[in-house]
Each structure stands twice: as structure tokens, then as C-alpha cells.
Amino acid sequence: MNKTFLSKFNLTEKTALITGSAGLLGYEHAVALLEIGANLIITDIDEEKLFDLSEKLCERAKYLDKISQ
């Protein structure tokens, strides 16, 4: 993504909570928030998909926590 555009958004040291994160939009939001420096807490009722998502995101994340039902 364009660095000039991204420089307008900085969520370093901020934490974002994403509910329903194992769905398509949740994943895309997680990736976008990681790109601008946010810490993430991801939640979903589908524990298996949540675990898979956390595995995909853990390489990019400085801090990532997952919560399931």
C-alpha cells in the first residue's frame, strides 16, 4: 500500500478488538490494522477458524491475542 497514504494512519501502541474475525471481512480488517501498527485481539465463536487465523497473522503481529467462546 502507498506509504504516503499509510503515514496518515498510525495505530502504534493502540489495541484493536475485532469480533467475528474468522470471517472474510474480519481477516481483511486484521491485516489492515496490523499494517498500520495496531495490536490485535481477535474473537470468534468458531474456535478452529480463529486458531487458523491466529496462525496466519502471528508472523506479522507484534501482539496478538485470541478469544473464543
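Confirm whether Ala30 is touching a Lys or Arg at 6+ places or on another chain (Cβ under 7 Å) and modelled with pLDDT of 90 or more. If you could, list the steps in order and put the result at the bottom.
Numbers: touching a Lys or Arg at 6+ places or on another chain (Cβ under 7 Å): no; modelled with pLDDT of 90 or more: yes.
No; evaluated as a whole, the condition is false for this residue.
Being free of Cβ contacts under 8 Å to residues at least 12 places away in the same chain and more than 14 Å from Ser68 (Cα to Cα) is the filter here; which residues of region 30-51 pass it? Explain how you work it out, then say what you get.
Taking region 30-51 first, the residues free of Cβ contacts under 8 Å to residues at least 12 places away in the same chain are 32, 48.
Once the filter is applied, which keeps residues that are free of Cβ contacts under 8 Å to residues at least 12 places away in the same chain and more than 14 Å from Ser68 (Cα to Cα), region 30-51 yields only Ala32.
Report whether or not Asp44 is of a type outside the set (S, T, N, Q), touching a helix residue (DSSP H, G or I) at 6+ places or on another chain (Cβ under 6 Å) and modelled with pLDDT under 90. Talk me through it step by step, then tell me what you get.
Numbers: of a type outside the set (S, T, N, Q): yes; touching a helix residue (DSSP H, G or I) at 6+ places or on another chain (Cβ under 6 Å): yes; modelled with pLDDT under 90: yes.
Yes; evaluated as a whole, the condition is true for this residue.
The values are calculated or read from the model by the stated rules, or taken from the named source; none is laboratory data. On a predicted model such as this, the values are computed, not experimentally measured, just so you know. Neighbour counts are summed over all protein chains in view; Cβ atoms, including those assigned to glycine, are modelled from backbone coordinates with ideal geometry.
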